[in-house]
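Rule-based calculations on the coordinates, nothing more; no lab input. Since this is a predicted model, take the numbers as computed values, not measurements. Cβ: placed from backbone, ideal geometry, glycine included. Neighbour counts: every protein chain shown.
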Amino acid sequence: MSAATQERARPRLRGRRPRRLAAEPAETQRRDLARNGIPIPPAPGDPLPQQLIKRPLFWFSVAVLIAYAVLLVLLYRQVVPDQEVPGGIVPGLGTEAVPIAARYAALTVVPLSLLFLWADRFRPQRLWVWLMTFGWGACVATFVSAQVNTWAAAHLSIAGDGDPATGTRAAIFVAPFVEEASKATVLFWLAILLRYQWVSRLSGIVLAGLSGAAFAFVENILYYGRAYRYAARTFGEVSPDEALRQVFFFRGVLTFFGHPLFTAMTGIGLAVALRSKSKVVRVVAPLAGFLAAAFLHMAFNTSASLLQGQNLLFVYLGVAIPLVIGVVVFVVRQLFREGRLIRERLGDYVRLGWLLESEPAAFSRLRTRMRALWHALFAGPAVLLATLRMQRAVTELAYLRDAMTRGLVDRGGVTREKALLARIRELRPLAVSRPEGRAPYPALRRARRATPAYTPSSYPGPAGIGGNYPAPLGPGYSPPGVVGVTGRPTGAPVAASTPLGQTATQYSEVDPTWKPPGE
């Protein structure tokens, strides 16, 4: 190659090399973040609609919402109107019973869902995650379970002189596995798509509880509607409202914890698997959780179908209630455990000088975090938003550090760690981290009464120098318009000017011819 050719080729090589070297680190970081399940930050210049279009989770959410709507309409057309069958007509719920049953079912699902959301306070999930989980349990799980349970019950039933107990076979041997699998499917989807946000067992319990509560909500509507419609179509001693209240007391008061409790076992198993580095635990823990959920569901259906009277009461008070109390104690202990974990992991950054010494204790206590939000609420929208972002960033940093120490996240976590520390430094001046004293409540000013406008006196009056109260006038003063003895109107001083102070004393005229009597 000649010298001229080498000179022409050298600038082109110099121009390509910097672009290739500059593009490699950014692409490598994106691959590292995607490999660990860490969300990739959007480009700074992209508008919000363009950011949503580029996210796969956005299109997944749209597809899931459409599927929810379609399945809910299909379930409504299946259970509400009357259905014609070869042997006759199967009565449906009817449009009159559905709103009444929905109101009774809401009395259980609303406080139960709020309780689950309250428990997930250290690192709560996004709102759309809660909605997707609730919608799956209410739409997909109920529709799939209704189809499979109906098909299985038709094949397990025996007509003629068969065993009369075959009617409960589907409820005992089929329904537990079908319903728990349909409710827990959304948990496996979330574990695959959002495994980075499953940071504790509380996350699994909350998501599983929401799916179970939504499933119980729709199922209770079916049970309440059937009881109301059956009592309305038959002439008996029980009115439709009374029959509905009886079923509500059994399902909505005594056994409202059933479906959330069963599905929580699968959620705990998935959470244990996601926070473990062992491949054996990652396979066995979800399977063990699902089998525990199906076994508890099977035991519950068996007791409700075969036991009566004192035996059923013994199982309820001796097994079901202690199990619920045990789960509540487990959740409370997990709250304290998560607080200690956040405090310990944030202490690593304090020793390195990246966080303040007071921040681990402040962000690991739920009471302090709530007080900080309360103080920020009265400090303005900007302070409140900064406080919320600060709490989320610090909590994510603590759980990221825990994942890195466990070996669940590789070098991709370092990029996210730097971004979180930069965000914390940016939000620290504006956010409320450690609240002290009272919140900056707005000042409540009282309406001041208008002071009567008196004519300022020309000489010190009773109110002192510069007082606004009028000085007393001398003798001879009377209200305006009053006619005196002399026949002329009064209302003005007799003299041109009334003296004040000691000179205001008036003496009568002295008679020079006066002398004491007897002289």
Study note, to complete from the structure: Per-residue Cβ contact counts at 10 Å, fewest first, order D348, D410, D511 as D511, D410, D348
Revision key, fill the gap. Here the gain from full extension of L131 to L313, 0.36 nm per residue of separation minus their alpha-carbon distance, amounts to 61.9 nm
**Study point:** Alpha-carbon gyration tensor eigenvalues x 5, square-rooted, for the stretch 325-440, Å
**Key:** 24, 21, 12
Check your understanding: What are the extents of the Cα atoms of the stretch 161-294 along their three principal axes, listed from largest to smallest and rounded to whole Å?
Key -> 63, 36, 22
**Study point:** Extended-chain gain in nm, criterion 0.36 nm per residue less alpha-carbon gap, R367 and E344
**Key:** 6.5 nm
Point to revise | Computed E for S276/E237 - FRET, C-beta separation, R0 51 angstrom, nearest 0.05 | key: 0.30
Study note, to complete from the structure: Contour minus Cα-Cα span, I66 to I53, at 0.36 nm per residue, comes to 3.0 nm
Study note, to complete from the structure: Taking placed amide H atoms and a strict 5 Å upper bound, the residues 5 or more places from Q83 or on another chain that come that close are V90, G92
Point to revise | Sparsely packed trypsin sites (Lys or Arg not before Pro) within the stretch 264-293, loop by DSSP, other Cβ within 10 Å at most 11 | key: K277
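All other residues with a Cβ under 12 Å from the Cβ of A386 taken together, and with Lys, Arg as +1 and Asp, Glu as -1, what is their net charge? Mind dumping the intermediate values first?
Details: positive: R389, R392, R423, R428; negative: E426.
Around A386, the charge tally is +3.
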Practice item. Take the stretch 62-143, compute every pairwise Cα distance, and split them into 5 Å bins from 0; I just need the percent in each bin. Key: 3, 12, 16, 19, 18, 14, 8, 5, 3, 2, 1, 0
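Provide V73, V409, V178 in ascending order of the number of other Cβ atoms located within 10 Å of each residue's Cβ, fewest first. Write out the running numbers ahead of the final one.
On the way: V73 12, V409 24, V178 21.
Listing V73, V409, V178 from fewest to most nearby Cβ atoms yields V73, V178, V409.
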Review point. Straight-line reach from K279: which lysines have Cα under 25 Å away, leaving out those fewer than 8 places along the same chain?
Key: K183
Study note, to complete from the structure: Listing H259, H375 by rising number of other beta-carbon atoms within 10 angstrom, fewest first, gives H375, H259
